[in-house]
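One structure is given here, and the rest of the page talks about it.
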Amino acid sequence: MAGSSIPVPGGLGATGVTDAEAEGTWLEVLHSWVVTADHKKLGIMYVLYALFFLAVGGIEALIIRIQLFFPDNHFVSAETFNRMFTMHGTTMIFFVAMPLVFGFGNYLVPLMLGARDMAFPRLNAFSFWMSAFGGLLLYYSFIGGVGLQGAGSAPDVGWWAYSPLTARAFSRGHSTDYWALSLIVSGFGSIGVAINFIATAFCMRCKGMTLFRMPLLPWLYVVMSGLVILAVSPLTAAQVMLTIDRYLGGHFFDTQAGGSALIWAHFFWIFGHPEVYVLVMPAFAIMNEVIPVFSRKAIFGYPAMVAASVAIGFVSLGVWAHHMFTIGMTSIGNAFFVLSTMLVGIPTGIKIFNWIATMWGGKIRYTTAMLFCVGFLLQFLIAGLTGIILSVEPFNLQLHNSYFVIAHFHYVIVGGILFAIFGGIYYWFPKVTGRMLDERLGKWNFWLFVIGFHVCFDVMHVPGVLGMPRSIYTYEADRGWTTLNQIVSVGAAIQGIAIAILVYNIIHSCLKGAVAGPDPWDAWTLEWTTSSPPPPYNFAIEPVVRSRRPLWDLKHPNDPDEPVEEGMSYSGRMPPS
Amino acid sequence: MSTIPMIRDVHGHVIDPEWKLPSRGRVGMFALIVAESAIFVIFVVAYVYNIGRSTYGPQPRQVLELPILNTIFLLSSSFTIVMAERALVKRAMATFKAWWGLTIVLGVIFLLGTAQEWNKLITVDHLTISTNLFGTTFYSLVGLHASHVIVGLIMLTTVLIFALTGALKPEHTEKVEVLAMYWHFVDWVWVVVFTVVYVIGR
Amino acid sequence: MLQAVLLLAACVARHAFALDSNTSIFSPAATPAKASYDLSLFVLTITGGIFVTVGSLIVYAAVRFRRRPDDDGSEPPQIFGSNQIELSWTIIPVLIVVVMFLATARMIFAIQDAPEPPSALDVTVIGHQFWWEFRYPAQHITTANELHIPVSDTSTSRPTFMKLTSADVIHSFWVPRLSGKIDLLPNRINEMWIDPHTPGLYVGQCAQFCGVQHAKMLLRVYVDTPAQFAAWVKQEQQPGAQDPAVAAGRHDFETQACMNCHTIAGTPARGQFGPDLTHLASRKTIASGAADNTTENLERWIDNPDLIKTGSLMPAMHLTTDQVHDITAYLNTLQ
């Protein structure tokens, strides 16, 4: 491997590459960020944008939790509460989770492929600004919904926005219009970025990187992007129909004219379920990169990981109606969606087992990033199992739309996806900024978040079991939900503190963190071969790879990964000692 | 998919041959077509689901006529654009411009046909998008397709202008081919729309 | 383990907090709820077993393979995979899925495709923003918010078969101790049945967000003994009471637009938008469970519904205090 043209770690840093655009007045700097088509800057903007909306959506969640602290509480009105949970859901899915995963992909996919940018850099910038304007449009509804005299309006139809509640007859004013338009606009952004990921992964890989030498992160972003183009497009189509109904007097969802309330639910969940996998694929992707490095072992069963991801992608397109068991489908239809939903558990199980096997026999370094990964494993296991419980239709009829479901999907999205993303932030922050995040603050962040998470969401299952439905602004004192709701609210507050620590850590470490160097974690993929932060063109010399772990080969010339080719047996191999 | 053949040196190590990857334009356009197809599928499902559910107002059987000529015009534009592409590969620019121009003309005729149909539906049959469920689903689906034809025509015309001014260079051949992929998609979606709206739905 | 914890927590919540919740899905009192409860125990056992097994593996791997302080800095052996092991952890989940699916499918068909026995009681449920309308077609009864059904025990089997639809947006009927939920959609009729075994009051509420006052769209189901139920039916079939002492209130009711929305059988009031008030005084609550049916609450409600239930579709009619008083007196006679 001596002839490899991979830059030696630190080699680029020594050439003194700095970010030339950091010079100039603040206006010039701002201009350079606004007009940029650089995947790294766009990636950073996606993540910052998402963190901003995480704070906004988090405040909405805290308002919800304060209101539910007591039965018959009057902290906010019924209307405000309904707006809060609608905005919380819409914000967290479309303007926090989606931009977060797009941001990670934008930053990392070209670097891991050894490419100098995405396949379509200008489309990439366009997509980001579409997503960004979608968020602004949604929040403009506070002003524009019924005009300023309404002293704040926002959509109040639930983030699933079942028709005919969204029809003009039941949702007056313009708040629902802003909701639909904002999702159409940000939907175009999502589709654009997904097309870009696919084209980048297939067309921009560096020399020697066959598809089966591609790191798992870009692989999972390909699967995610496939799901985006197949799932977000139907949502966009449905939003266009809703807009036609509201503005042109159409009748798609007008039950008075023979239209159907049912078909919106189908369209929404045809988007809504794959959307979960759109978000969870990048979380898997982060696991696939972080766990091996801190376990000091190659990922266990790479082909199985790829196959399982693709399988999850396909099966997830056929499970949407498990959100609709109560809506009155035939028994055959219900049974079909029970089966397809349970089937998703199999490839998901394979992934969890493969991660355990990757840790097995390793020497695990418990950095904050790795702690978040272990947290992910346990919590995602529970989230998956409550998902299986929910797929059991007769039991689902009880649990559906109860707080059990709320607890379940927050387990997936917070306990799974957000934990993975926080792990990813701790892992790649040194690459992005050139400075380490503070590990002591990181441990505080992790443990507080774990405690807050479990106090909040473990307990939240119980009121659901005790019959508490979702979306209610208040509840009866005699139902026995009060104490439980108070515990949940306390847990929510603890999580808020943990996220505040993360934000402080990011700001503090940006300014004063230890200098990271190009490869602080002793990692193996191509992004660690360039300086931290990478120069605008990423790599001084275009890399050439001969295996999945080019840096491992370089660091272990006596024990390189064998060139792994398609179809080749990969069974257990011990290194020559 | 990767096109790298495995060539090994004497030690069994793989030697990198010329590293060739698929064109990003084609892959990107393919992905866009998949996304667009998903949008069309939803509109088609909404149309099919609502066939016969209109409780009042004009019904398809009473007002729709088979747009056979229009269909022939649009589908033959798929043929003419292939001829144009071939001419471009052979650098026969005059032939290219002729075929390409003919493609645009066929597309425009199709749009005019649709406009005429809509004019008749609105003024004679009094069917608008808000009249009934049929009107809503019909104008949405056919309009969605027509808007794709319009976008396609704008892009085709841009290429024609470049060709007429001599700005179209050999290195642009692939971009023209990628655009042609989109046009083929627009044509074949019409087959689906035609079948659903004018055959099944009537 | 989570599931065990959940069950335990449910019990703790009921006892330690001295709250015997009447809405727990783990204390079923009718057949569909009982069936799904039994199935849930089966599923909770399996998933609990998976959680213990896989969770222990994760914790074991995380603890056992941590880097020790005396580590020599060498890399551990690199293992890339194993076909045998991976095959085994594919096949075992497949078998588990097959078992769970078969158990679930059997239950789905047993509940959903159960034929309606001739002895069954038919009820039509219509959801409104934000209240429930109940019609008994065979008995010619219409009532609101408080559903009365007969108990169905081994001696007299009389399940209740319901057809459910909505007058406006989607609602969902959920009384946890009796049955799972079913949605009420406009322009569509859904069906469900309940076979309650123990008389008593069971509460629930709308489980699909339906607008401003979704939270106050509460449900009360009285499971009556056969004798009680027969008496209730007999009473409900009577027209509205006509007490000359409250003629002023009745006059106001019929001249102040109340009758545009409400029906009182035997009087000119035939409105359909609001609940049937023919036997309002026999109901325990008003405003779909938002308040107890007391004279004071009723007066507040008639004076300004927003004070009790903001966003309710009943308008404040700007009545004088005397008119409110008279109308309340009239309504209180409608036993």
Tally, over the range A:222-250, of residues that are at the interface with another protein chain (Cβ under 7 Å from one of its Cβ atoms) and farther than 18 Å from A:H174 by Cα: 6
Positions within the range A:440-470 being touching a residue at least 60 places away in the same chain (Cβ under 8 Å), within 13 Å of chain C (Cβ to nearest Cβ) and surrounded by 24 or more Cβ atoms within 10 Å (Cβ to Cβ), in sequence order: A:H461, A:P463, A:G464, A:V465, A:G467, A:M468, A:P469
Please go through the range B:40-58 and give me each residue that is outside any helix (DSSP H, G or I) and crowded, with 16+ Cβ neighbours inside 10 Å, ordered by number. B:N50, B:I51, B:R53, B:S54, B:G57, B:P58
Only one residue in A:A477, A:A493 is modelled with pLDDT under 95 and farther than 30 Å from A:I541 by Cβ, so which one is that? A:A477
Considering residues of the range A:359-384 that are facing another protein chain (nearest Cβ under 10 Å) and part of a loop (DSSP other than H, G, I, E, B) only, the residue nearest to the chain's Cα centre (by Cα): A:Y366
Identify all residues within the range A:411-439 that are surrounded by fewer than 23 Cβ atoms within 10 Å (Cβ to Cβ), in a helix (DSSP H, G or I) and touching a Cys at 6+ places or on another chain (Cβ under 8 Å); write none if there are none. A:T433
Looking at A:T176, A:T166, which is the one that is crowded, with 21+ Cβ neighbours inside 10 Å, within 13 Å of another protein chain (Cβ to nearest Cβ), of a type in the set (S, T, Y) and not in a helix (DSSP H, G or I)? A:T166
Hey, among the residues in the range B:60-92 that are over 20 Å from B:V189 (Cβ atoms) and surrounded by fewer than 16 Cβ atoms within 10 Å (Cβ to Cβ), which one's farthest from the other protein chains (Cβ to nearest Cβ)? B:A92
Taking C:L147 as meeting all but one of (1) under 24 Å from C:A281 (Cβ atoms); (2) in contact with a helix residue (DSSP H, G or I) (Cβ under 7 Å, 6 or more places away or on another chain); (3) not aromatic (F, W, Y), write down the number of the exception. (2)
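Condition test on C:S166, is it modelled with pLDDT of 95 or more and among the small types (G, A, S)?
yes
Matching residues to (1) within 30 Å of A:P463 (Cβ to Cβ); (2) of a type outside the set (K, R); (3) buried (at least 19 other Cβ atoms within 10 Å of the Cβ):
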{"residue": "C:L185", "(1), (2), (3)": "yes, yes, yes"}
{"residue": "C:Q205", "(1), (2), (3)": "yes, yes, yes"}
{"residue": "C:P244", "(1), (2), (3)": "no, yes, no"}
{"residue": "C:A247", "(1), (2), (3)": "no, yes, no"}
{"residue": "C:H262", "(1), (2), (3)": "no, yes, yes"}
{"residue": "C:G271", "(1), (2), (3)": "no, yes, no"}
{"residue": "C:L277", "(1), (2), (3)": "no, yes, yes"}
{"residue": "C:I286", "(1), (2), (3)": "yes, yes, yes"}
Which condition number does A:F212 fail, the rest of (1) in contact with a Phe, Trp or Tyr (Cβ under 9 Å, 6 or more places away or on another chain); (2) surrounded by fewer than 21 Cβ atoms within 10 Å (Cβ to Cβ); (3) of a type outside the set (A, V, I, L, M); (4) more than 14 Å from chain B (Cβ to nearest Cβ) being met? (4)
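Counting only residues that are assigned to a helix (DSSP H, G or I) and acidic (D, E), which one in the range A:34-83 is surrounded by the most Cβ atoms within 10 Å (Cβ to Cβ)?
The qualifying residue surrounded by the most Cβ atoms within 10 Å (Cβ to Cβ) is A:E60.
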Mind listing just one residue for me: the one in the range C:77-95 that is closer than 15 Å to A:G349 by Cα and at the interface with another protein chain (Cβ under 8 Å from one of its Cβ atoms) and, of those, surrounded by the fewest Cβ atoms within 10 Å (Cβ to Cβ)? C:V94
Being in contact with an Asp or Glu (Cβ under 9 Å, 6 or more places away or on another chain), part of a loop (DSSP other than H, G, I, E, B) and closer than 9 Å to C:G127 by Cβ is the filter; apply it to the range C:158-189 and report the residue that is farthest from the other protein chains (Cβ to nearest Cβ). C:A167
For the range C:214-240, what are the residues that are in a loop (DSSP other than H, G, I, E, B) and crowded, with 17+ Cβ neighbours inside 10 Å? C:M217, C:G240
Please go through the range A:449-502 and give me each residue that is closer than 20 Å to C:N22 by Cβ and part of a loop (DSSP other than H, G, I, E, B), ordered by number. A:L466, A:G467, A:M468, A:R470, A:I472, A:T474, A:Y475, A:E476, A:G480, A:W481
Per-region count, the range B:85-106, residues in a helix (DSSP H, G or I) and touching a residue at least 60 places away in the same chain (Cβ under 8 Å): 8
Matching residues in the range A:313-344 - criterion: being at the interface with chain C (Cβ under 7 Å from one of its Cβ atoms) and touching a Ser or Thr at 6+ places or on another chain (Cβ under 8 Å): A:T326, A:A335, A:V338, A:M342
Out of all the residues in the range A:279-301, which are of a type in the set (A, V, I, L, M, F, W, C) and outside any helix (DSSP H, G or I)? A:A298, A:I299, A:F300
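The values are calculated or read from the model by the stated rules, or taken from the named source; none is laboratory data. Since the structure is predicted, the reported quantities are computational estimates derived from the model, not experimental observations. Here the Cβ is made from the backbone with ideal geometry for all residues, glycine too, and neighbour counts use every protein chain on show.
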